[in-house]
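Here's the structure we're looking at; comments come further down.
The values are calculated or read from the model by the stated rules, or taken from the named source; none is laboratory data. Please read all numbers here as calculations on a predicted model, not as lab measurements. Reconstructed Cβ throughout: ideal geometry from the backbone, glycine too, with neighbour counts over all protein chains shown. Note: areas computed on protein heavy atoms with side chains; ligands, DNA, RNA excluded. Shrake-Rupley method; radii C 1.70, N 1.55, O 1.52, S 1.80 Å.
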Amino acid sequence: MGPVFLSAVKTLLVMQAMQGTVVGRVWDAETAEPICGAAITLSDLDRGTGTDETGRYVLRQVPAGEHQLTVHFIGYAERSLHALVPQNGQLEIDVWLLPHPVRIHTIDVRAPVVVSGLDNGTTAAFPDREISAAAMRNDPQLTEPDAFEALGGGEVSLRPETPSGINIRGGASDQTAYLLDGIPIFNPYHSGGVSSGWNPDALSKLRLASTAPLPAYPNTLSGAIEAVTREPEDHVHAQGSVSTTQSRITSDGPLGAAGAGYLVSVRSGLPDGIAKTEPTYLRGETGDWLAKLEVPALGGRIQFLGYGNENDLNTAAAVAPQDGVAQDPRRNTFEWTSRSLGAQWKRVFSSTAVRVLGWRADTDAGSAWASHAGPVDMGAARRDKGLLLAVQHHSARTVTLGELRVEQSRTSYRIVPDSTSGPSWALEANNPVATAVARHGRAIGRRVELNLGAALAATGGTQHLGPSAQLVWNASSRVRLSGSYAQAHQFAQSLRNAESVVGNVFPVDIYIGAGAPGVPVARSQLGVIAGSYRPREGLRFGAQAYERRADGLLLVAPVEGEPFAMGAFAVGSGTSRGVSADAALSAKRYGIVASYGLQHTSLSYGNSSYVPEGGATHVAQCGVVAFPNATTSIRLGLTAAMGRRATAIAGGFEWEANNILDRGSEFGGSPYYGGEALGGTALPTYYRLDLGVRKQWQVGVGGRDATVALFGTATNILGRKNILAYVRDPSTGNLSGVEMRPRAPLVLGLDWGF
């Protein structure tokens with residue numbers, strides 16, 4: 001065995017001595033750049049390797065002789081070479097590959113369509129809502145993304161097609177608070193085809209807190225809507241839109257390398273950009289802006305935010321009679337602005353989060369109005385500033401929140417006549433308010449959650465306690481039930497006449513604080529029973545029933561037929577009972593949403609009562625958004641309103657909503673009701689069918705991917721008449737309907753982003 005073993009060893013040594021090494025680099029033949037990840041194979045030996053980031057490869061212990069060397073990489077033409085490997089040493093071969101694009105089959109990967117009610121990761125307390133920016137853009141009811149209209153449906157009602165504020169469970173628009181990243185915002189409304197004063201491109205999501213008072217803004221009767229702005233991206237990003245109703249642009253990105261970032265948005269409405277020259281057509285301009293800066297500091301993050309909203313509109317004070325007599329040259333003017341500045345610091349310490357927020361929020365409103373008693377100038381202002389400190393601690397089974405809020409609110413209101421005989425009136429109030437909020441949530445067993453809370457507000461030497469409680473039963477992974485009760489107070493109310501049709505162009509809450517002569521502190525009590533059922537992933541059904549009672553309400557409508565108080569108001573109460581249901585379905589190519597609300601709302605003063613304009617008995621919505629392919633969407637939305645009420649108008653009045661088919665928005669006349677029964681006229685049932693299409697393209701701009709999209713929506717394609725109000729002929733007493741939408745308006749636009 002010895003000689004045989006020695007012979008084998010000698011043979012192996014000879015073979016080892018007859019092996020060489022093949023090395024080299026692989027290059028792009030056009031750019032002379034190294035190619036990383038190219039595959040190098042010796043097909044006859046079934047051996048291979050790959051290139052590193054410098055394009056270099058090494059094949060060791062290759063037997064001497066001729067071998068087939070193949071180099072290939074996707075996107076390049078394959079090359080094959082004959083390599084004559086020496087008995088020892090190394091053979092160096094550099095390979096240059098020519099680009100050769102390879103067409104691969106399209107792989108269609110689709111996530112379920114995001115729609116309202118099926119957003120993932122919601123932080124809203126059940127049964128309150130949270131809507132992401134993606135769900136807002138996919139809403140089949142919307143011609144263009146709008147933060148307020150996206151919340152409509154069920155227990156939330158808006159005036160059809162021209163919302164003048166948001167009514168939650170029968171509450172007036174001034175009973176809804178608005179916050180932007182926790183900072184109070186007053187009158188974030190527009191007009192002339194645009195509802196919300198928040199640029200949708202700057203938002204990441206919306207939260208509606210209405211079942212229990214929002215801790216960050218507990219002193220409001222109906223609830224609070226909070227918009228959360230987008231987080232700045234790690235590279236500069238911009239997007240915008242131009243349409244027949246508005247133009248907007250938003251940009252965000254990093255600032256330096258320390259984790260700071262910015263967000264800036266600007267928007268302009270176009271109420272008269274396409275209008276005719278007729279005097280009755282709406283004139284003016286609207287716009288809003290937002291700026292945010294975030295920087296790391298003190299182990300957390302500091303955010304600075306500024307917001308502004310400006311509106312200046314005017315309409316004809318009278319309409320021409322049918323015989324064609326010259327038009328009255330006077331104009332009714334409306335203007336309102338809001339400004340908010342705030343800074344907050346947030347930090348999380350293990351299981352405890354700390355938040356400190358300071359803010360200043362202002363709003364101004366004014367009008368030159370041709371009232372029936374003579375022309376007047378109205379001016380109103382609100383100036384708020386405050387500080388909030390919040391600490392939240394959570395464990396595996398509990399969440400505890402403590403919050404202290406200190407603020408001061410100054411409000412003023414005046415009516416000044418333009419002649420010696422007109423009305424004159426002035427009110428002022430100064431309301432310092434300190435509010436302590438405590439919340440505690442605890443899991444009881446595996447399926448039950450108990451949430452208890454209270455807000456204690458002190459102002460003017462009096463204290464106001466607002467308790468709240470909620471019990472949630474998770475009956476199974478698919479079924480959830482809850483019952484809740486909450487009491488809330490509000491220390492400023494509006495002198496706007498919510499029953500006036502003028503709210504369609506002047507949707508402003510004109511605040512006056514409690515403590516002004518005759519202005520009380522308003523209080524409400526709300527009980528809600530709600531349930532949610534998810535039979536499978538991507539399908540949800542929800543329902544709720546509620547009862548709400550409020551007192552100490554400031555009511556302008558019973559004593560004044562003008563759009564705002566001229567010298568008096570009433571104090572009354574209100575009740576609202578209702579049920580609502582909603583459903584949402586999300587699939588890979590389509591999404592469906594539907595909602596229905598039934599409510600009975602009434603306001604009482606003295607021995608009288610009436611149904612407010614926003615108290616439609618039945619409101620139903622249904623819509624579908626479909627994606628035939630990844631770049632095309634089709635929307636179909638149906639809205640119906642039944643049981644609406646209105647107060648008849650005296651005198652001439654002309655109206656037409658924003659409409660490019662006959663170029664403009666129209667609002668003519670100085671509508672006033674006197675002696676008419678509030679809510680005494682029933683409006684006919686109205687339903688509207690809308691159809692929209694959007695097509696998107698992806699293009700390269702400056703080495704970056706960009707998107708461009710065209711969209712168009714035709715609303716009311718069935719041509720249904722929407723009677724906005726009735727006008728009583730003073731000579732005959734007959735009522736004639738004012739059609740809000742005589743034919744289908746069309747909205748066209750272009751979106752872009754990179």
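What the table below lists for this structure:
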| quantity | calculated |
| --- | --- |
| Those residues of the stretch 23-54 which are assigned to a strand (DSSP E or B) and under 16 Å from His67 (Cβ atoms), in sequence order | Val23, Gly24, Ala39, Ile40, Thr41, Leu42, Arg47, Gly48, Thr49 |
| First in the stretch 546-575 and polar (S, T, N, Q), second anywhere and in a strand (DSSP E or B), Cβ under 6 Å, 6 or more apart | Ser573/Asp551; Ser573/Ser604; Thr575/Arg549; Thr575/Ser602 |
| The lone exception for Thr617 - which of (1) open to solvent by less than 40 Å² (accessible area, probe 1.4 Å); (2) in contact with a Pro (Cβ under 7 Å, 6 or more places away or on another chain); (3) more than 30 Å from Gly284 (Cα to Cα) it fails | (2) |
| Cβ-Cβ under 6 Å pairs, at least 6 apart or on other chains, the stretch 471-495 side free of Cβ contacts under 8 Å to residues at least 60 places away in the same chain, far side assigned to a loop (DSSP other than H, G, I, E, B) | Asn474/Arg447 |
| Answer from Asp174, Asp252, Asp234 - the residue that is within 27 Å of Gly503 (Cβ to Cβ) and over 16 Å from the mean Cα position of the chain (by Cα) | Asp174 |
| Those residues of the stretch 721-735 which are hydroxyl-bearing (Ser, Thr, Tyr) and either loosely packed, with under 15 Cβ neighbours inside 10 Å or farther than 30 Å from Tyr610 by Cβ (or both), in sequence order | Ser731, Thr732 |
| Any hit, the stretch 507-520, residues being among the charged types (D, E, K, R), touching a strand residue (DSSP E or B) at 6+ places or on another chain (Cβ under 8 Å), over 30 Å from Ser477 (Cβ atoms) and not in a strand (DSSP E or B) | yes |
| Search result, residues across the stretch 409-429 that are in a strand (DSSP E or B) and either basic (Lys, Arg) or surrounded by 16 or more Cβ atoms within 10 Å (Cβ to Cβ) (or both) | Ser409, Arg410, Thr411, Ser412, Tyr413, Arg414, Ile415, Pro417, Trp425, Leu427, Ala429 |
| Arg383 being of a type outside the set (Phe, Trp, Tyr), at pLDDT below 95 and open to solvent by 20 Å² or more (accessible area, probe 1.4 Å) | no |
| Enumeration of residues in the stretch 684-720 that are buried (at least 20 other Cβ atoms within 10 Å of the Cβ) and either among the β-branched types (Val, Ile, Thr) or out of contact with any Ser or Thr (no Cβ under 9 Å at 6 or more places or on another chain) (or both) | Thr713, Thr715, Asn716 |
| Meets criteria (of a type in the set (D, E, K, R), in a loop (DSSP other than H, G, I, E, B) and open to solvent by 30 Å² or more (accessible area, probe 1.4 Å)) for Asp364 | no |
| Those residues of the stretch 460-497 which are within 29 Å of Val559 (Cα to Cα) and among the hydroxyl-bearing types (Ser, Thr, Tyr), in sequence order | Ser494 |
| Selection status of Gly75, in contact (Cβ under 8 Å) with a residue 12 or more places away in the chain, within 30 Å of Ala630 (Cα to Cα) and open to solvent by less than 70 Å² (accessible area, probe 1.4 Å) | yes |
| Members of the stretch 466-506 found to be more than 22 Å from Arg442 (Cα to Cα) and not in a loop (DSSP other than H, G, I, E, B), listed by number | Ala488, His489, Gln490, Ala492, Gln493, Ser494, Arg496, Val501, Val502, Gly503, Asn504 |
| Strands (runs of 3 or more DSSP E) fully within the stretch 636-704 counting 3 or more residues that are at pLDDT 80 or above | 686-701 |
| Single residue of the stretch 521-566 satisfying the filter (in a loop (DSSP other than H, G, I, E, B), on the phi < 0 side of the Ramachandran plot and surrounded by fewer than 22 Cβ atoms within 10 Å (Cβ to Cβ)) that is nearest to the chain's Cα centre (by Cα) | Glu537 |
| Qualifying positions in the stretch 35-61 - in contact with a Lys or Arg (Cβ under 6 Å, 6 or more places away or on another chain) and on the phi < 0 side of the Ramachandran plot | Arg56 |
| Some residue of the stretch 512-520 being within 30 Å of Ala594 (Cα to Cα) and open to solvent by 20 Å² or more (accessible area, probe 1.4 Å) | no |
| Single match in Ser602, Ser609 (criterion: of a type in the set (S, T, N, Q), open to solvent by 40 Å² or more (accessible area, probe 1.4 Å) and in a strand (DSSP E or B)) | Ser609 |
| Qualifying positions in the stretch 460-490 - modelled with pLDDT of 95 or more, over 14 Å from Pro127 (Cα atoms) and open to solvent by 40 Å² or more (accessible area, probe 1.4 Å) | Gln463, Leu465, Pro467 |
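Residue by residue, here is whether (1) of a type in the set (S, T, N, Q); (2) under 21 Å from Glu403 (Cα atoms) holds:
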| position | (1), (2) |
| --- | --- |
| Ser340 | yes, no |
| Trp345 | no, yes |
| Gly358 | no, yes |
| Val376 | no, no |
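Each row is one residue, and each column tells you yes or no for (1) small (Gly, Ala, Ser); (2) touching a Ser or Thr at 6+ places or on another chain (Cβ under 9 Å).
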| residue | (1), (2) |
| --- | --- |
| Ala134 | yes, no |
| Pro140 | no, no |
| Thr143 | no, yes |
| Ala150 | yes, yes |
| Glu155 | no, yes |
| His190 | no, yes |
| Ser195 | yes, yes |
| Asn199 | no, yes |
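Residues are listed down the side, and each one gets a yes or a no for (1) of a type in the set (Val, Ile, Thr); (2) over 21 Å from Phe186 (Cα atoms); (3) modelled with pLDDT of 90 or more:
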site: Gly223; (1), (2), (3): no, no, yes
site: Glu226; (1), (2), (3): no, no, yes
site: Thr244; (1), (2), (3): yes, yes, no
site: Gly259; (1), (2), (3): no, yes, no
site: Pro271; (1), (2), (3): no, yes, no
site: Lys276; (1), (2), (3): no, yes, no
site: Phe304; (1), (2), (3): no, no, yes
